[in-house]
Every structure is written in C-alpha cells, then in structure tokens.
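A.B. asks: One structure, as structure tokens, below. Some questions next.
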Amino acid sequence: MNMAKEFAVPFHWRRFRERYQLIGSRCDHCKKSFYPIRVICPYCRRSGHMKDIKFSGVGKVYSYTIIRAPPEGFKEYVPYIIAIIELEEGTRILSQVVDCDPNDVKIGMKVKSCFRRIRSENDTGLVLYGFKFKPHN
Amino acid sequence: MMKFNQLRPAREVAVIGIGLTKFGEHWSMGLKELAVEAGIKAVEDAGITGNELQLVVGGNMSGGLFAGQEHGAGLLADYLGLNPVPAIRTEGACSSGGLAVRVGYLAVASGMYDFVAVGGVEKMTDVYGPQATTALSGAMDYETEAYFGATFPGIYALIAKRHMHDFGTTRRQLSLIAVKNHANALHNPFAQYRNKITAEDVEKSALVADPLRLLDCSPLTDGAATIILVPAEIAKKYTDTPIYIKASAQASDTLSLFARRNITTLDATVHAAREAYRQARIASNKINLAEVHDCFTIAEICAYEDLGFTQKGKGGKMIEEGETEIGGRIPVNTSGGLKAKGHPVGATGVAQIAELIMQLRGEAGKRQVKNAEIGLAHNVGGSGATVTVHILSNKK
C-alpha cells in the first residue's frame, strides 16, 4: 500500500515561491529571517514588518538522520537523508540531502540547495517538486 | 514572554476516580468500546453513579486517520449513555490527553462544574504501518517537515543526533532508557510490553531513523484512560484517598523542530515546568516521581534536563547512574512509560495521571515508590509544540 495524502492543486501551487525559489520572510525591525513565510514576526509582532527574502541556498548540516521506515509516498527513496540545514543567513530549514551516500553525511558538512522531485502523487497525477540539498565545497 | 504570575484557580481540584483499559492490541474493541471501558471503571472507582457527571472532556489525536471517526467526545458521551451532558474533544497531537486533563481541571477550578469525566483514547492498530506513520506525521509542521519526507521518529532522531554531538550523549545511554522502562512495565498489569530487554537488544533492533532503532520507539497502541475530577472540598465524601491537582500548566512552541531556538531543549517543557513549580510552590527537587513523555528514548533524556531534574546535557548521565530507577533519587516512568506501557496517543496524558494516582494512593504494587507524596506528569505534543505539566499530591 502506497497511498499518500493527496490534495488539490492550489494546496501545492500556493507554496511554489517557498519551495521552488527558497523564499522566506525577513523582519525589517529585528532583521531576523524566517522560513517558511510568516506574516507576523514572532519577536517583534506588530512593531515589525515582514518582507520577502530569497535565501542563497548555501548552508551547513546542523543535524541529520537517515529515514529507513518511510511515510506513505516515500518508499522508493529509502534510505534517504533528512537534515536540518543552517543557511548562511542564520535561518534553519528542513530538507533532504541528496547526491551523498548516507554514510558520508556529517554535522557541519557544507551543502547547497538544488531543485528536485519530492514525490509523485497517485491518483491525481501530480508530481511534487521542491528544494533538496547536495554537498557543496 | 508569558505572564503567568497572576494565574490562580478559583478553587482546588481533586481526582476521586481512575479507570484504565489494558494497553495493547485490542482486536475486539474499537474506539468507543475502549473509551467506555475506561469510563465505567473510573465511575466505579470514584464511587459515584455517573448521574452526577456534568461535563465530559475527551482527548483524541486522530480518530479520523486511525479509525475513520472524528467527533470523538460526542461519540464517548453517546456510548457512555450520558446524553445530553456536554462533551468536548481536545486535540494537541500526543498531548491531547494532557490537554483534556487541563480543560477538565479548568472547568472545575473555575467553579463552573463540580463533576467532570476526563478521558483519553486512541485506537491505532486498525491501520497498517505506513498509514499510522502518516497519521502521526500530522503532529509535525506538515508543509515544511512531512512534505519533504520527514517522519516522526526522524524528527526525534534529529534531536538525538544533535544532543549526542553537543553533549556527548551515547548510544548506550539511549538504550538504558528503554531497558529501565521495560523493567518497570514488568510490574504494571496495564502495560503493553511486559518483557525484560537488554541494552544489546535495543542496539541490535532494526534502524528506524539513525540513531534511533525500533526499541528506542514507543509502539502503536490501543487504549483508553479516564479520571473523575471534583472540587477538593467535596472529595473526601467519595474517597479516603483523594489526590489533589497542585498545578496545571501548559506552553507552546513552534510546530517545526528546525525553527526552534535550540533543537535539544524543548522550550515549551521548560516554560510549562517553571509555571507548574510556581503554582505548586515547590522546586523540582521536591518531586518524588514523574511520568515523562518518552515517545522516543532521547525524549526522556531531554525531559530530565528540561524539567530541571538535572542540568542541560547531563540527562544521559542521570540514566547511567540509575537515578531515575524505582529506588533512585527520582523514579521516572514507573508505569513503563510510553515505551513499554504503550502510547495510545490521545490516552497517554490521562494515563500518566492515572499512574501517578496509583502511586500517590500507595496502590502501585511491586512498582510502588516508597513514601511518594508529590508526582509530576509531562505530556508532549509533536516534537514539543504543545506541552502540559501537571503536579499532583496526596496532601492538600
């Protein structure tokens, strides 16, 4: 059985900027950056205004794991690396690390974002895309 | 910042009855049978008829994905034969039960209700493994964590990996949590797994999400728990051993783990514990025993630190030195914890309270903590977005 959660197109379409272009928010008051997009800065709330920021996509592995028991829709990718990446802007983000043997991933490893397929939905025929990260020198 | 120092209950609250189903795989019972069994046991334990009940609060995480059934509190009131008594469902992922206890507490503490049944239930074994993994992944931030293929064990594995990196926590220390909790469950007739395991067993079990292995993970469990709450001033009419709720605290944090200030500290636990100690007017070293949220072994180590039982980074040492075994400085998860007692997610927070009550009444049999007066229950939703901390005592 490989039934994954399926949603209508707008569910994914409204996230394209975040997932395709790595866009988040930056507070013009405290200058902190966030991923994903937030309307309200959790530190400054009404005193700050959020503006879009496009992250460079360069960062380091902050923590990682290797998924061996996948959720629905991810069976074909096992084993795969899930990591928290600390971007050079200081913001952290969760994604997969690819083009890397699961035995070689390490905390502190430099990585850069790339555009990849995340999974294919079943009945709707949608193929879902987004960023993943790969080793970077 | 949270401004809690003005919060006071209008009146004190006591627990007069508890009911638990056995935790495990119940082929013959669905959501409603489990909830009803625990409900009836609690009413009988409380020595009331059931006609007194004015409100039902029921914790249930995902009846929809696990059993095709939302609207769990309504179902419970219906099959308990309590209509038209109002019923409220609480949902905070794995802290749904803790939230139910808290809502029931608030209902009595406010002066609004005198007799409240607080239940929790989850029926998890009617779906297959990947579906259960998907259902539980709803406890994360779906669009930024689950979307990319993160699983719930995977999220705690990220915590474990960083905890090991920052504090030198070892694979063996994680194993010892599972070993202790299985040893405790041996003496708990309600527990799902009543078998002794060794550290080697844990370390040889299948990898789920490195470094976490199968025996680092709490299981899929069917089960239900209920407690009956009344104002403290009338509790002695119903029981010689009322147990008083001395604190009911809760805090929130980001749903996604990666957005935290620090992924090895559950800030919501720190905040909720601080508030609970303030309400109970005690320090953490006055706690005689605790039921903490060990959904994965690493979570119990973080809980030791975040509840103030030890300093940050020393949680691994605490288990290694046996401080949290029965007979140790502060026994933790005498029930077997989520790991060995089982983790029917919506029931867990209520079942933790039930274990404390058995201990504080002196009814815990072979797992009894001697002279226990004050117990703490710690229930976590997701990777720490919602946390409840309750403190109970057998002294008013």
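The values are calculated or read from the model by the stated rules, or taken from the named source; none is laboratory data. Quick caveat: nothing in here was measured; it's all calculated off a predicted structure. Cβ coordinates were reconstructed from backbone atoms using ideal geometry, including for glycine residues, and neighbour counts include every protein chain displayed.
A.B. asks: In this structure, does B:LEU20 turn out to be within 29 Å of B:LYS395 (Cβ to Cβ) and touching a helix residue (DSSP H, G or I) at 6+ places or on another chain (Cβ under 8 Å)? Lay out the reasoning, then the answer.
C.D. replies: Details: within 29 Å of B:LYS395 (Cβ to Cβ): yes; touching a helix residue (DSSP H, G or I) at 6+ places or on another chain (Cβ under 8 Å): yes.
The answer is yes for B:LEU20.
A.B. asks: Given the condition closer than 25 Å to B:PHE296 by Cα and buried (at least 23 other Cβ atoms within 10 Å of the Cβ), answer yes or no: does some residue in region B:34-42 qualify?
C.D. replies: Taking region B:34-42 as the starting set, the residues that turn out to be closer than 25 Å to B:PHE296 by Cα are B:34.
Filter again for buried (at least 23 other Cβ atoms within 10 Å of the Cβ), leaving B:34.
Yes, region B:34-42 contains a residue that is closer than 25 Å to B:PHE296 by Cα and buried (at least 23 other Cβ atoms within 10 Å of the Cβ).
A.B. asks: On to the next question. Go through (1) of a type in the set (Val, Ile, Thr); (2) part of a loop (DSSP other than H, G, I, E, B); (3) surrounded by 24 or more Cβ atoms within 10 Å (Cβ to Cβ) for B:VAL369 and report which single condition fails.
C.D. replies: Here B:VAL369 clears every test but (3).
A.B. asks: Can you tell me which condition A:GLY24 does not meet? The list is (1) free of Cβ contacts under 8 Å to residues at least 24 places away in the same chain; (2) surrounded by 14 or more Cβ atoms within 10 Å (Cβ to Cβ), and all the others hold.
C.D. replies: The one condition A:GLY24 does not meet is (1).
A.B. asks: If you don't mind, another one. Would you say A:ILE82 is of a type outside the set (Phe, Trp, Tyr), touching a Gly at 6+ places or on another chain (Cβ under 9 Å) and under 15 Å from A:LYS134 (Cβ atoms)? Explain how you work it out, then say what you get.
C.D. replies: On the way: of a type outside the set (Phe, Trp, Tyr): yes; touching a Gly at 6+ places or on another chain (Cβ under 9 Å): yes; under 15 Å from A:LYS134 (Cβ atoms): yes.
Yes, satisfied.
A.B. asks: Next question. Would you confirm, using the coordinates I've provided, whether B:ALA272 is away from every other protein chain (no Cβ under 14 Å) and in a helix (DSSP H, G or I)?
C.D. replies: On the way: away from every other protein chain (no Cβ under 14 Å): yes; in a helix (DSSP H, G or I): yes.
For B:ALA272, the condition - away from every other protein chain (no Cβ under 14 Å) and in a helix (DSSP H, G or I) - is met.
To keep it simple, each residue is scored yes or no on (1) free of Cβ contacts under 8 Å to residues at least 60 places away in the same chain; (2) crowded, with 19+ Cβ neighbours inside 10 Å; (3) in contact with a Gly (Cβ under 9 Å, 6 or more places away or on another chain).
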site: A:THR91; (1), (2), (3): no, yes, yes
site: A:VAL97; (1), (2), (3): yes, yes, no
site: A:LYS112; (1), (2), (3): yes, no, yes
site: A:TYR129; (1), (2), (3): no, no, no
site: A:LYS132; (1), (2), (3): yes, yes, no
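A.B. asks: If you don't mind, there's one more thing I want to ask. Of all residues being crowded, with 22+ Cβ neighbours inside 10 Å and outside any helix (DSSP H, G or I) in region B:146-192, which is farthest from the other protein chains (Cβ to nearest Cβ)? Just the residue, please.
C.D. replies: B:ASN188
A.B. asks: Still on this structure, please answer the following. Among residues belonging to region B:104-135 that are facing chain A (nearest Cβ under 9 Å) and in a helix (DSSP H, G or I), point out the one that is nearest to the chain's Cα centre (by Cα). Walk me through how you get there before you give the answer.
C.D. replies: Start the filter on region B:104-135 by keeping residues that are facing chain A (nearest Cβ under 9 Å), which leaves B:128-131, B:133-134.
Add one more test, that the residue is in a helix (DSSP H, G or I), and what stays is B:129-131, B:133-134.
Working: B:GLY129: 22, B:PRO130: 24, B:GLN131: 23, B:THR133: 19, B:THR134: 21 Å.
Among them, the one singled out is B:THR133.
A.B. asks: May I pose another question? Which one is nearest to B:ASP166 (Cα to Cα), of the residues in region B:275-330 that are among the β-branched types (Val, Ile, Thr) and outside any helix (DSSP H, G or I)?
C.D. replies: At the first step, the residues of region B:275-330 found to be among the β-branched types (Val, Ile, Thr) are B:282, B:287, B:292, B:297-298, B:301, B:310, B:319, B:324, B:326, B:330.
Within this subset, residues satisfying the condition of being outside any helix (DSSP H, G or I) are B:282, B:287, B:292, B:310, B:324, B:326, B:330.
Values: B:ILE282: 30, B:ILE287: 28, B:VAL292: 23, B:THR310: 16, B:THR324: 23, B:ILE326: 29, B:ILE330: 25 Å.
Ranking the qualifying residues of region B:275-330, first place goes to B:THR310.
A.B. asks: Now a separate question. If you go through region B:204-217 one residue at a time, do you hit one that is away from chain A (no Cβ under 14 Å) and modelled with pLDDT of 95 or more? Reasoning before the result, please.
C.D. replies: First pass over region B:204-217, keeping only residues away from chain A (no Cβ under 14 Å): B:204.
Remaining after also requiring modelled with pLDDT of 95 or more: B:204.
Yes - at least one qualifying residue is present in region B:204-217.
A.B. asks: Quick check on this structure: which one of A:SER33, A:SER95, A:SER56 is under 28 Å from B:LEU214 (Cα atoms), of a type in the set (Gly, Ala, Ser) and under 16 Å from the mean Cα position of the chain (by Cα)?
C.D. replies: Numbers: A:SER33 fails: under 28 Å from B:LEU214 (Cα atoms); A:SER56 fails: under 28 Å from B:LEU214 (Cα atoms).
After ruling out the rest, the residue left standing is A:SER95.
A.B. asks: Is it the case that A:VAL39 is more than 18 Å from the chain's Cα centre (by Cα), away from chain B (no Cβ under 11 Å) and surrounded by fewer than 20 Cβ atoms within 10 Å (Cβ to Cβ)? Before the answer, list the steps.
C.D. replies: Numbers: more than 18 Å from the chain's Cα centre (by Cα): yes; away from chain B (no Cβ under 11 Å): yes; surrounded by fewer than 20 Cβ atoms within 10 Å (Cβ to Cβ): yes.
So A:VAL39 passes the test.
A.B. asks: From the residues in region B:136-145 that are in a loop (DSSP other than H, G, I, E, B) and of a type outside the set (A, V, I, L, M), which one is nearest to B:LEU207 (Cα to Cα)? Full working, then the answer.
C.D. replies: Step one: list which residues in region B:136-145 are in a loop (DSSP other than H, G, I, E, B), which gives B:138-145.
Right, trim to of a type outside the set (A, V, I, L, M) and you get B:138, B:141-145.
Details: B:GLY138: 22, B:ASP141: 24, B:TYR142: 24, B:GLU143: 26, B:THR144: 24, B:GLU145: 20 Å.
In this case the residue turns out to be B:GLU145.
A.B. asks: Please enumerate the residues belonging to region B:136-145 that are more than 7 Å from every other protein chain (Cβ to nearest Cβ) and either touching a residue at least 60 places away in the same chain (Cβ under 8 Å) or touching a Lys or Arg at 6+ places or on another chain (Cβ under 7 Å) (or both).
C.D. replies: Scanning region B:136-145 gives B:LEU136, B:GLY138, B:ALA139, B:MET140, B:ASP141.
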